[in-house]
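Written out below as structure tokens is the structure these notes cover.
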Amino acid sequence: MNVMTRDLKHLTERIEREADMSCRFREKIHLMPPVGWLNDPNGLCQFKGVYHAFFQYSPFCADGGVKMWGHYTSENMIDWNYQGAALYPDQPFDCGGVYSGSALVDNGRMYLYYTGNVKLEDKDYDYINGGREANTVLVESEDGIHFGRKKKLMGNRDYPEDLTLHVRDPKVWKEEDTFYMIQGARTKDDTGVAVIFESRDKENWVYRSRVAAEKPFGYMWECPDYIEKDGARLLSASVQGLNGEDWKDRNVYQSGYFIVEGDILGEYRLGEYRLWDYGFDYYAPQSFVAEDGRVVQIGWMGMPDCEDYRNPTTKDGWQHCFTFPREISVKAGRVCQTPVRELDRKKKLVKKSTGQIKMEGYPVYEADIEGITDGHFRAVLGDELILEYREGRFEMRFTDRELTSASAGRGIRYQEMDGIRNVRILADASSAEVFINDGESVFTTRYYPEKDKLLVEAEDARIRFYEIV
Ligand code: FRU
């Protein structure tokens, strides 16, 4: 352990010990930082039966700062144990931040791949083509708790020449006896792409190919992910720089997926880009394959560079959380997301009704609305967050956009939809995830209600309200 590691560890542990746990908006079933700032999920995996979720973590400031990896473990993806920070920015090749990356489980060992960020200081740097380094780094672990020496595997010189210095977020998988790594990148002509590397031994990597849309699509792709499920292949990417009519009333940056026709490692074509989530707070999702074969995805319930809204928890010393883990499935070409089934064991039925329900006093709950007829669906959460289907579109909107209201500055998000059959609302102390039509569309938002209230109006529909205990 060098002095940097030692001091960062002491300071992190101290600020975690001193953290104020009393804020009423602290989440109960969603992962959040012990203190400070959280962004992307990293290194998600199930290793020797235990689930691991690492996160981009800046404990010293709720508005972000130098990034390290925080670490949670769980037996069931609901009750998580905080294990402390796992990786600190303590080497010359990652001193500007231990940026995002992934876990590979192979040969009974855990391999963590991440981007070591370095930012140099000089007023002349544009930080696109000069002034930064993006290093690909590997760390191994025998037990998932103790991590070995960091090894720098690649630097910007090892990446294709037409890329800027923005190359990051390695996601690694294995096919037969070859390992593949996908990273997000920005080309020198400002186009977002994903680049694929290949290795036989997990340490020596060579550039193999790239994945891009047919027409330039955004200037940067972050956190790419390749998913194979139910015979479908998906390329997920968090895209910066989408403008124009299609993207108005949307978030600053987007997270979505292309259905891959053909072979991502050979001849392929990317289908239309669809958003993972149509709400206000969703970015940088990552998936992993659980030991039972399920594909589980977790996203960051937040949004970078977003000036419109300001989460009030920053004054309580923390900000942001993860989405609840979601199972990904593909049915008849439609990608569906549903909360992991482990949640069922935590649900206690409180009330059943038809057409309408009014509840108060439950901060953490699930409401299931089934058999919706003729598009009749409207719900109000905490008096200020409205979910409504009208004129062929589903809306999530706040009654008030004031920074001091439940919205903390959020306005409206919507998505055209052919019809509505069912809705599943998963609410926590300061978040709501809304799964529509068996999870074909999802809307996620943070919100800060004064009262824990829910009203649902859906003529003839069967409504079930569960407390999550
Ligand atoms: C996405 C991202 C990643 C990067 C990380 C840094 O939110 O910008 O591309 O690795 O966050 O925290």
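The values are calculated or read from the model by the stated rules, or taken from the named source; none is laboratory data. As the structure is a computational prediction, the values presented were derived from the model and not from experiment. Backbone-built Cβ (ideal geometry, glycine too); neighbour counts: all protein chains shown. When the accessible area is computed, the model is the full protein with side chains, heavy atoms only, and any ligands, DNA or RNA have been set aside. Shrake-Rupley method; radii C 1.70, N 1.55, O 1.52, S 1.80 Å.
Within the range 339-350, is there a residue that is more than 30 Å from residue 17 (Cα to Cα), more than 23 Å from the chain's Cα centre (by Cα) and of a type outside the set (Lys, Arg)? I'd like the intermediate steps shown before the answer.
Let us first name the residues in the range 339-350 that are more than 30 Å from residue 17 (Cα to Cα), namely 339-342, 344-345, 347-350.
Filter once more, keeping what is more than 23 Å from the chain's Cα centre (by Cα): 345, 347-350.
With the extra rule that they be of a type outside the set (Lys, Arg), the set shrinks to 349-350.
Checked the range 339-350: at least one residue is more than 30 Å from residue 17 (Cα to Cα), more than 23 Å from the chain's Cα centre (by Cα) and of a type outside the set (Lys, Arg).
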Yes/no for residue 210 being assigned to a strand (DSSP E or B) and more than 16 Å from the ligand (Cβ to nearest atom): yes
Given (1) in contact (Cβ under 8 Å) with a residue 40 or more places away in the chain; (2) surrounded by fewer than 21 Cβ atoms within 10 Å (Cβ to Cβ); (3) within 16 Å of the ligand (Cβ to nearest atom), where does residue 156 come up short, assuming only one miss? (1)
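Take residue 31 and decide whether it is open to solvent by less than 10 Å² (accessible area, probe 1.4 Å) and either out of contact with any helix residue (DSSP H, G or I) (no Cβ under 6 Å at 6 or more places or on another chain) or part of a strand (DSSP E or B) (or both).
Numbers: open to solvent by less than 10 Å² (accessible area, probe 1.4 Å): no; either out of contact with any helix residue (DSSP H, G or I) (no Cβ under 6 Å at 6 or more places or on another chain) or part of a strand (DSSP E or B) (or both): yes.
Criteria not met by residue 31.
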Restricting to the range 87-98, and then to whatever is surrounded by fewer than 24 Cβ atoms within 10 Å (Cβ to Cβ) and within 13 Å of residue 138 (Cα to Cα), can you tell me which residue is nearest to the ligand (Cβ to nearest atom)? 93
State all residues of the range 337-389 that are under 25 Å from residue 278 (Cα atoms), basic (Lys, Arg) and surrounded by 13 or more Cβ atoms within 10 Å (Cβ to Cβ); if no residue qualifies, say none. 378
Report yes if some residue within the range 43-56 is touching a Lys or Arg at 6+ places or on another chain (Cβ under 6 Å) and within 22 Å of residue 296 (Cβ to Cβ); otherwise report no. yes
Under the condition of being of a type in the set (A, V, I, L, M, F, W, C) and over 14 Å from the mean Cα position of the chain (by Cα), which residue from the range 22-36 is modelled with the lowest pLDDT? 23
Sole exception among (1) of a type in the set (Lys, Arg); (2) away from the ligand (no atom under 16 Å from the Cβ); (3) touching a residue at least 40 places away in the same chain (Cβ under 8 Å) for residue 186, by number: (2)
Residues that are free of Cβ contacts under 8 Å to residues at least 40 places away in the same chain: find the strands (runs of 3 or more DSSP E) completely inside the range 74-141 holding 3 or more of those. 109-119, 132-141
Test result for residue 202, farther than 25 Å from residue 152 by Cα and assigned to a loop (DSSP other than H, G, I, E, B): no
Do we have residue 32 as touching a Lys or Arg at 6+ places or on another chain (Cβ under 7 Å), more than 15 Å from the ligand (Cβ to nearest atom) and in the same structural domain as residue 116 (by TED's automatic domain parsing) here? yes
Selected residue (only one of 64, 70 is within 16 Å of the ligand (Cβ to nearest atom) and part of a loop (DSSP other than H, G, I, E, B)): 64
Take the conditions surrounded by fewer than 21 Cβ atoms within 10 Å (Cβ to Cβ) and either closer than 23 Å to residue 346 by Cα or without any contact (Cβ under 8 Å) to a residue 60 or more places away in the chain (or both) and apply them to residue 66. Does it pass? yes
What residue, among those in the range 107-129 that are more than 16 Å from the ligand (Cβ to nearest atom) and surrounded by 13 or more Cβ atoms within 10 Å (Cβ to Cβ), is farthest from residue 47 (Cα to Cα)? 125
Can you confirm whether residue 188 is surrounded by fewer than 21 Cβ atoms within 10 Å (Cβ to Cβ) and either closer than 28 Å to residue 51 by Cα or modelled with pLDDT of 95 or more (or both)? yes
Given the conditions (1) over 27 Å from residue 129 (Cβ atoms); (2) of a type in the set (Gly, Ala, Ser); (3) in contact (Cβ under 8 Å) with a residue 12 or more places away in the chain, report the number of the one that residue 237 does not fulfil. (1)
If you go through the range 6-17 one residue at a time, do you hit one that is among the charged types (D, E, K, R), open to solvent by less than 10 Å² (accessible area, probe 1.4 Å) and modelled with pLDDT of 95 or more? no
Give the range 268-286 a look and list any residue that's assigned to a strand (DSSP E or B), away from the ligand (no atom under 16 Å from the Cβ) and small (Gly, Ala, Ser), or say none. 271
